[in-house]
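The values are calculated or read from the model by the stated rules, or taken from the named source; none is laboratory data. Just so you know, these numbers come straight off a predicted model, no measurement behind them. Neighbour counts run over all protein chains shown; Cβ positions are idealised from the backbone, glycine included.
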Amino acid sequence: MTRESYINAGLTFLLVLAPFWAWSMGQAYILTLCTKVAILALAGVGLNIALGLGGLVSFGHAAFFGIGGYAMGILASHAQTFDPIMDWPILIEGTKSMPMIWLVAMITSALAALLIGALSLRTSGVYFIMITLAFGQMLYYFTIGWPAYGGEDGLSIYVRNIFPGLNTLVPVQFLILSYVILGFALLFSARLSRAPFGLALTAARQNADRVETVGIAPFRLRLVAFVISGAITGLAGALFADLNRFISPTMFSWHTSGEIMIFVILGGVGRLYGPVAGAALFILLEHLLGGVSDYWKIFLGVLLLAVVLFARGGLIGTLAGREVGHG
Amino acid sequence: MTFLLFAEQMLNGLQFGIMLFLMAAGLTLVFGVMGLINLAHGSLYMIGAFAAAAVAGATGSFVLALIASLAAAAAAGALIELTVIRRLYKRDHLDQVLATFALILILSEGTRWVFGSFPLYLDVPGYLSGPVTLPGGIQYPLYRLAIIVAGLVVAVGLFALIARTRIGIQIRAGEADREMIAALGIDISRLYTLIFALGAALAGLAGALVGAIQSVQVGMGESVLILAFVVIVIGGIGSIKGALVGALLVGMTDTMGGVLLPRFFALFLDPTAATAVGASLGSMLIYIMMAVVLIMRPSGLYGSA
């Protein structure tokens, strides 16, 4: 085992332990914080596939996070009012079933990622950063101006959606659900990075010309990575909306894109557990510093600056060193 | 739609475009010469506006307020360049985006800490308030006309600075080949600080000028920042001419789109739906324009790479 895998195991242990500790201390809100960490980490796992493996600096992942959230909001609000989403040419009704919502969230955000990626990947470098940002902003302003689902005010969903066999309104059950999904996403991400596809993607990041020379088109690799990445972030958006039972255009704002990026970078770009470490640290800081000062974001800013300037490779990179060679 | 209303909206678009140019000029210079993406540029806009509001509140003089906005933004710009930004020139864009995002957090929250969460107000001075009548019978606020003129003067000055002065030659040389001008004995790090402070001062001035029309509050720089990025991406990053063309395009499109689209949809939709669809499409329009430009010309209208 490498040092990184010990750190990953330690992090898993801490994340699993935290709810037990919270329960024994009688501090139920910690469960919600842990759920939030898991869901935001999931969004980061999505971005990490594009950013870490593919080297695609997307500043517009809020688009997929928001689409996932709105998929949940639209389906659940129609189910809430027993009003079909459309009745022509085929009848589509709302649903409160989580697996169905997740499927819709992933498919719609994957389709959006396919479209955005196909257009954006024609550019590179700083133009790619900016065009992804532009697509995110486009959707942000669209949802603000779209009155059907609350417009700027957002939309509340009164009862959390249903998962067969569970009572999702019990914090522990929703927490376990989020942990399990995060676990699957991590497993998938780990497999992906070792699969031929992941290796080719990594190679395309390091040297696109060589990949092209051996007969693989970098554009298609990147597009597929972007779609997978968008779908996972979309799933996180649906879960996040379910956690808060609320959706609003803020999910699409560029701050959200920035924060998802922060999770990945704080933890360590391209590291399997980077997003988990980053999201956990972010929420922990928000929780600890938010209690000390109203202006806690100053400290977050200073810390982030310090990580970028001095601790390259993020939390996991600093702890584990460069032995895995994620260049 | 009457001609008068149309002309007035054209002028609004022009005014918005000119202000965007002041923001975008610094952003594009910094990218062109130093290769740096500076998300914190919007914070400098905010600092300029706050400095102007504070000085105007204390002295009552609008001219002093404008000078304060230039000085405060330039000083803040020089300070962050010396402490943080210069460590980022050799880093990749990801590090730059993150570090300057961190600067936004620090500067926004810092400003909120000093000035509080309530918006400040900067009043238009008496000698610039009220409407003027332009040829053709167009009634237009004098202050907005004044900032169009002021912005155009600054734009001309900036072009002259870059085309005609020694500093301008150094800036252009810096864009072309950094190592070479260092080899010619020019203090490159001083040049960088100077360019950064110049861009910051322009952003601060824009903040102060716009601050008198809107309220001065934390976060005011962010929406403008994103628009300024749209501008420089459309124009081609690094090109001042591109920034001017992009700024006018974005200013006009945003203003005219917001006015014309609801009217256009009203031709075949009922009024409330037309307003909603028109307004939301209107605010998406510039992003659609940017996406189209990038798809047709992946490095912007005047981009070189």
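When we screen A:Leu139, A:Leu201 for residues that are part of a helix (DSSP H, G or I), on the phi < 0 side of the Ramachandran plot and either of a type in the set (Gly, Ala, Ser) or within 14 Å of another protein chain (Cβ to nearest Cβ) (or both), the only hit is A:Leu139.
Only residues that are more than 24 Å from A:Gly313 (Cβ to Cβ) and hydrophobic (A, V, I, L, M, F, W, C) were counted in region A:247-270, giving 4. Looking at the structure I just gave you, is A:Ala134 over 16 Å from A:Gly54 (Cα atoms), out of contact with any His (no Cβ under 9 Å at 6 or more places or on another chain), buried (at least 20 other Cβ atoms within 10 Å of the Cβ) and modelled with pLDDT of 95 or more? Against the criterion (over 16 Å from A:Gly54 (Cα atoms), out of contact with any His (no Cβ under 9 Å at 6 or more places or on another chain), buried (at least 20 other Cβ atoms within 10 Å of the Cβ) and modelled with pLDDT of 95 or more), A:Ala134 does not qualify.
Of all residues being buried (at least 23 other Cβ atoms within 10 Å of the Cβ) and polar (S, T, N, Q) in region A:217-252, which is nearest to the chain's Cα centre (by Cα)? Just the residue, please. Among residues in region A:217-252 that are buried (at least 23 other Cβ atoms within 10 Å of the Cβ) and polar (S, T, N, Q), the one nearest to the chain's Cα centre (by Cα) is A:Thr233.
Only residues that are in contact with a helix residue (DSSP H, G or I) (Cβ under 9 Å, 6 or more places away or on another chain) and either part of a strand (DSSP E or B) or free of Cβ contacts under 8 Å to residues at least 12 places away in the same chain (or both) were counted in region B:127-140, giving 7. Scanning region A:112-128 for residues that are at pLDDT 90 or above, in a helix (DSSP H, G or I) and either among the hydrophobic types (A, V, I, L, M, F, W, C) or within 21 Å of B:Ile232 (Cβ to Cβ) (or both) yields A:Ala112, A:Ala113, A:Leu114, A:Leu115, A:Ile116, A:Ala118, A:Ser120, A:Phe128.
The combined condition, being in contact (Cβ under 8 Å) with a residue 24 or more places away in the chain and crowded, with 21+ Cβ neighbours inside 10 Å, is not fulfilled by A:Gly321.
Consider region B:271-296 and keep the residues that are within 13 Å of chain A (Cβ to nearest Cβ) and more than 19 Å from A:Met138 (Cβ to Cβ). The one that is surrounded by the fewest Cβ atoms within 10 Å (Cβ to Cβ) is B:Thr272. For A:Phe226, the stated conditions hold: it is touching a residue at least 60 places away in the same chain (Cβ under 8 Å), under 18 Å from A:Gly46 (Cβ atoms) and assigned by TED's automatic domain parsing to the domain that holds A:Gly151.
Would region B:249-257 turn up any residue that is at pLDDT below 90 and either in a helix (DSSP H, G or I) or surrounded by fewer than 23 Cβ atoms within 10 Å (Cβ to Cβ) (or both)? So far as region B:249-257 goes, yes, one or more of its residues are at pLDDT below 90 and either in a helix (DSSP H, G or I) or surrounded by fewer than 23 Cβ atoms within 10 Å (Cβ to Cβ) (or both).
Screening region A:208-327 for helices (runs of 4 or more DSSP H) wholly inside it with 1 or more residues that are under 30 Å from A:Asp153 (Cα atoms) and within 14 Å of chain B (Cβ to nearest Cβ) returns the ranges A:254-267, A:274-292, A:296-309. Applying the condition of being surrounded by fewer than 23 Cβ atoms within 10 Å (Cβ to Cβ) and among the β-branched types (Val, Ile, Thr) to region A:105-125 and asking which residue is nearest to the other protein chains (Cβ to nearest Cβ) yields A:Thr123.
Note on region A:1-104: enclosed helices (runs of 4 or more DSSP H) holding 3 or more residues that are among the aliphatic types (A, V, I, L, M) and buried (at least 24 other Cβ atoms within 10 Å of the Cβ) are A:29-48, A:62-81.
For region B:218-248, a tally of residues being surrounded by fewer than 21 Cβ atoms within 10 Å (Cβ to Cβ) and either within 13 Å of chain A (Cβ to nearest Cβ) or assigned to a loop (DSSP other than H, G, I, E, B) (or both) returns 3.
Which of the residues spanning region B:82-98 are more than 10 Å from chain A (Cβ to nearest Cβ) and in contact with a Leu (Cβ under 9 Å, 6 or more places away or on another chain)? Correct list: B:Ile85, B:Tyr89. Within region B:99-147, restricting attention to residues that are in contact with a Gly (Cβ under 7 Å, 6 or more places away or on another chain) and more than 14 Å from chain A (Cβ to nearest Cβ), the residue that is nearest to A:Val302 (Cα to Cα) is B:Leu122. Does B:Leu184 satisfy being surrounded by fewer than 17 Cβ atoms within 10 Å (Cβ to Cβ), under 30 Å from B:Arg144 (Cβ atoms), without any contact (Cβ under 8 Å) to a residue 12 or more places away in the chain and more than 15 Å from the chain's Cα centre (by Cα)? In short, no.
Picking from B:Val259, B:Val245, which residue would you name as being touching a helix residue (DSSP H, G or I) at 6+ places or on another chain (Cβ under 7 Å) and closer than 21 Å to B:Met23 by Cβ? Sole residue among the options that is touching a helix residue (DSSP H, G or I) at 6+ places or on another chain (Cβ under 7 Å) and closer than 21 Å to B:Met23 by Cβ: B:Val245. Only one entry in A:Ala204, A:Ala231, A:Ala236, A:Ala277 is touching a Pro at 6+ places or on another chain (Cβ under 7 Å) and touching a residue at least 12 places away in the same chain (Cβ under 8 Å), namely A:Ala204. Of everything listed in (1) more than 13 Å from chain A (Cβ to nearest Cβ); (2) touching a residue at least 12 places away in the same chain (Cβ under 8 Å), the single unmet condition for B:Leu267 is (2).
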